[in-house]
Amino acid sequence: MSNQLRIAGASLNQTPLDWAGNTSRILDAIRTAREQNADIVCFQELGITGYGCEDLHLHPWLSERAWVELEKIVPHTKDIVVCIGLPVHFSDKTWNGACVIHDTKILGITLKQNLALDGVHYEPRWFEAWTPNEVTHIHRNGKDISVGDLVYDIKGVRFGFEICEDAWRKVRPAEILCQRGVDLIINPSASHFALGKSQSREALVVESSVKFNCAYVYVNVLGNEAGRMIYDGDIIFAHKGRMLGVHRRLSFHPFRVQTCTIEFEDSSKSQVLPKTDITDRSDEFAQAVSLALFDYLRKSKVKGFVLSLSGGADSSCCAVLVSEMVRRASAEIGWDSFCSQLGLEPVKDVKQAVGKLLTTAYQGTENSSTQTLEAARELAASIGAGFHQWKIDDEVKSYIAKAENAIGRKLEWETDDVAMQNIQARARSPIIWLLANIKQSILLTTSNRSEGDVGYATMDGDTSGSLAPIAGIDKPFIMSWLRWAEQHLGYTGLQYVNNLQPTAELRPQARAQTDEKDLMPYPVLVDIEKLAFLYRKPPVEVYKLLSEKYDPVLLKGYVKKFFGLWAANQWKRERLAPSFHLDDLNVDPRSWLRFPILSAGFKHELEELG
């Protein structure tokens, strides 16, 4: 066996169906790995097509086109081993494969044995699971190619694969690979981002290298590949219990390559890479959403964002995240690349770039306060966003007058509270959409997850938009993050926002409306949500588990209110704009949590509470 191998992990920011771009990035990464004197370069799961092709994976032509692209890559593998993922279709079925190429020859394709079916993953819908220990052959271009459960050899180093989910099961392909005496296990993955999740990956890699007495290399997808999921581009190396290195996560570059020399005969001599930046939860959130917004903007090929800036926490959070996207992306990739990728005329200043990319509007009514107007105006000025303000009272009065004429009576707050609130929110929608159309921009909607849980949003009002960047995170986190951003990121314009109590400002000010009065304390809501839908507890158990933390009498009402509103408002969650997955829980029915639109609304379960 060779004493050492120089191994490169290559993480790519791919796009489904971008055949020319995807292959170009693969070839660029191979060249970079070769320049770094790598013996082997390992790419992510389904690197040729992109992981997020969704139901296109059911179409055999997708696998056939992936093979066409694979054949373009093969000639570029002289004197280097390339491991690249693609779907493989044969016998009227499709498998998820990792192809190994060396010196312009395909050595084989390992097929994934365990398919992810939790959270955002629906792999059994698209792929077949391969059977351990089985090998077959497919015929391509006059050659027989081995596919299945394979072991490879490069310079006397034996290696095999666990493909993403394979490593997270109790019975793992690594068990058999270990029995076969492999020295190296490679894990190409498409593991979605969640706050703090990278630490569990690092632990998995190190523990696996101990358990299977080998070197273990993990490579993840990078960026907002297809719209909803963010990938952090993890590249992790470990050898027999030693963490050798973790590459910088959540990069704005189109691909990243990290190379590490591993000494197989003496693990103590394996190369230890310099430490990368370790961020806290707030900074990780800012980096992840910034990357997601950057990729969404450049891949959708529009000119910027439009935002109805109310002066409240949610819209202010969206505005600051756009500013952070500009600041972080330009700092990492440089202004020339930043402007080129977004189709901007050259700029060299964050506020100037924000001014070109973000247009905001404060849409007031007679129920709006001077405090929220000031908060919106000052924040927009502080980050450089375009800012407009106007009143929508004429539109609201016109709609109300038409309804009153139709039903033959006056609308009153005592009898028509919800309708009177909602018409204000809906009256804002047409003009902000008009502004977004004029600007050829993405309209951001400001829904957060806590309010999505209980339907505390006006459909076709404040939910209007084509992207909901914070719908995957809870309200307490948003409020905490805004205070952190003011203190640690220098957004002094947030001082006005952070001094306000959250309110929709849809009732007359004399009625003293606040979000928590309408709903319940946000920390209670978040605790109920987590127990109900992350840990899947029924109402009675939720109540019992929280009754020592909160007043039992008030808690019973909160639990009943939460479950009742949850069931009644599934139709709203079905219609929310696409959002980013950001932590361990997601209530988006199109990517995580499906619930019937029509149900008995937990009637029996809530009766058990008494």
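The values are calculated or read from the model by the stated rules, or taken from the named source; none is laboratory data. The structure presented is a predicted model; accordingly, all values stated were derived computationally and were not measured. Because the Cβ atoms are built from the backbone with ideal geometry, glycine has one as well, and the counts that use them run over all protein chains shown. In case anyone asks, the SASA skips ligands and DNA or RNA and just uses the protein heavy atoms, side chains included. Shrake-Rupley method; radii C 1.70, N 1.55, O 1.52, S 1.80 Å.
With charges set only on the Cβ (+1 for Lys and Arg, -1 for Asp and Glu), what does the dipole of the chain come to about its Cα centre, in debye to the nearest 20?
Dipole of the chain, to the nearest 20 debye: 540 debye.
Take every Cα pair under 8 Å in the range 1-159 that's 6+ residues apart, average their separations, divide by the length, and report that relative contact order as a whole percent. It would help to have the intermediate numbers written out before the result.
On the way: 305 pairs, mean separation 28.9, N = 159.
The value is 18 percent.
Please turn the phi angles of the range 169-176 into ³J(HN,Hα) values with the Karplus equation 6.51 cos²θ - 1.76 cosθ + 1.60 (θ = phi - 60°), one per residue in order, whole Hz, x for glycine and proline.
The phi angles translate into 9, 5, 9, 10, x, 4, 4, 6 Hz.
For the range 458-610, what D do you get in µm² per second when you plug the Kirkwood radius from alpha-carbon pairs into Stokes-Einstein at 10 °C and 1.306 mPa s?
92 µm²/s
Once label points are set 7 Å from the Cα along Cα→Cβ at both Ala600 and Leu411, what is their separation, rounded to one decimal in nm?
So the two model labels end up 3.6 nm from each other.
In the structure shown, do any of Lys155/Lys240; Lys356/Lys572; Lys530/Lys572; Lys303/Lys530 have a Cα-Cα gap over 29 Å, and if so which?
Lys356/Lys572; Lys303/Lys530
Quick one: if the Förster radius is 22 Å, what FRET efficiency do Asn498 and Gln199 give, using the C-beta to C-beta distance and rounding to 0.05? Kindly include the intermediate steps, with their values, before the conclusion.
On the way: r = 29 Å, r/R0 = 1.33.
Here the calculated transfer efficiency is 0.15.
For the chain, give me the percentage of DSSP beta bridges that are antiparallel, rounded to the nearest 5 percent.
Percent antiparallel among DSSP bridges in the chain is about 60.
To test your reading of the geometry: what angle, between 0 and 90 degrees and rounded to tens, separates the Cα axis of helix 429-439 from the longest principal axis of the chain?
The answer is roughly 50 degrees.
Just the number, please: Stokes-Einstein D of the range 511-586 in µm²/s, Kirkwood Rh from C-alpha pairs, 10 °C, 1.306 mPa s.
117 µm²/s
Could you tell me how many degrees, from 0 to 90 and to the nearest 10, lie between the Cα long axis of helix 370-383 and the main elongation axis, the longest principal axis, of the Cα atoms of the chain?
The angle comes out at about 30 degrees.
Positive end of the charge dipole of the range 1-146 (Lys, Arg +1 and Asp, Glu -1 on Cβ, about the Cα centre): tell me which of Pro124, Phe90, Thr104 has its Cα farthest that way.
Value: Thr104.
Working only with C-alpha atoms, what are the Rg and Dmax values of the range 186-268, expressed in angstrom?
So, for the range 186-268, Rg and Dmax equal 13.2, 44 Å respectively.
For the range 1-94, rounded, prolate or oblate, judged on the Cα gyration tensor with a ≥ b ≥ c (square roots of eigenvalues), a/c < 1.5 rounded, else prolate if a/b > b/c? Working shown, then result.
On the way: a/c = 2.28, a/b = 1.86, b/c = 1.23.
Because a/c hits 1.5 or more and a/b exceeds b/c, the range 1-94 counts as prolate.
Okay, helix-only estimate at 222 nm for the chain: each DSSP H run of n ≥ 4 adds -39500 (n - 2.57), divide by all residues, round to 500 deg cm²/dmol; what do you get?
Details: 22 runs with 240 residues, N = 610.
Using -39500 (n - 2.57) per qualifying helix, the result is -12000 deg cm²/dmol.
State the volume of the convex hull built on the alpha-carbon positions of the range 327-412, expressed per residue in Å³ and rounded to an integer. Kindly include the intermediate steps, with their values, before the conclusion.
On the way: hull volume 11.4 nm³, N = 86.
In the range 327-412, the Cα hull volume divided by residue count equals 132 Å³.
Just want the answer: with Cβ charges of +1 for Lys and Arg and -1 for Asp and Glu, which residue in Cys178, Gly156, Leu411 is farthest toward the dipole's positive end in the chain?
Result: Gly156, furthest along the dipole toward the positive end.
Contact order normalised by length for the chain, with contacts defined as Cα pairs under 8 Å and 6 or more residues apart; what percent is it?
Dividing the mean separation by the residue count of the chain yields 11 percent.
Not counting ligands, DNA or RNA, and with a 1.4 Å probe, what is Thr492's accessible surface area in Å² rounded to the nearest 10?
90 Å²
What are the extents of the Cα atoms of the range 570-610 along their three principal axes, in Å, largest first?
38, 22, 11
Which whole-number percentage describes the relative contact order of the range 171-306, with Cα contacts under 8 Å and a sequence gap of 6 or more?
After rounding, I find 20 percent.
Within the range 39-102, what percent of beta bridges assigned by DSSP are antiparallel, to the nearest 5?
Approximately 75 percent, going by the DSSP bridge assignments.
Enumerate the amide H contacts of Cys214 below 5 Å, restricted to partners 5 or more residues apart or on another chain; note that Pro and chain-start residues carry no placed amide H.
Under 5 Å from the amide H of Cys214: Lys240.
Taking all pairs of distinct Cα atoms, average 1/r, flip it, and tell me the Kirkwood hydrodynamic radius of the chain in Å to one decimal place. All intermediate terms of the calculation are to be shown ahead of the outcome.
Details: mean 1/r = 0.0382 Å⁻¹.
Every distinct Cα pair counted, the radius reaches 26.2 Å.
Too long at a 26 Å Cα-Cα cut-off: which of Lys93/Lys537; Lys475/Lys556; Lys211/Lys275; Lys517/Lys549; Lys517/Lys556; Lys170/Lys275?
Listed pairs above 26 Å: Lys93/Lys537; Lys170/Lys275.
What is the angle, in °, between the Cα long axis of helix 552-568 and the longest principal axis of the Cα atoms in the chain? Nearest 10 is fine, range 0 to 90.
Rounded to the nearest ten degrees, it is 80.
Kirkwood Rh over alpha-carbon pairs of the range 55-127, then Stokes-Einstein at 20 °C and 1.002 mPa s: what D in µm² s⁻¹, rounded to an integer?
Estimated via Stokes-Einstein, D reaches 164 µm²/s.
Which residues' amide hydrogens lie under 5 Å from the amide hydrogen of Leu107, considering only partners 5 or more residues apart or on another chain, with H built in the peptide plane?
So Leu107 has HN proximity to Val100, Ile101, His102.
Would you rank His59, His89, His488 by solvent-accessible area, highest first, keeping every protein chain in place and using a 1.4 Å probe?
His488, His59, His89
Using the scaling law 2.2 N^0.38 Å as the reference, what is the normalised Cα Rg of the range 189-340?
Against the empirical 2.2 N^0.38 Å value, I get 1.21 for the range 189-340.
Hey, can you find the accessible area per residue of the range 318-412 for me, probe 1.4 Å, expressed in square angstrom?
Result: 47 Å² of accessible area for each residue.
Accessible area of the chain with a 1.4 Å probe: how many percent of it is carbon plus sulfur?
51 percent
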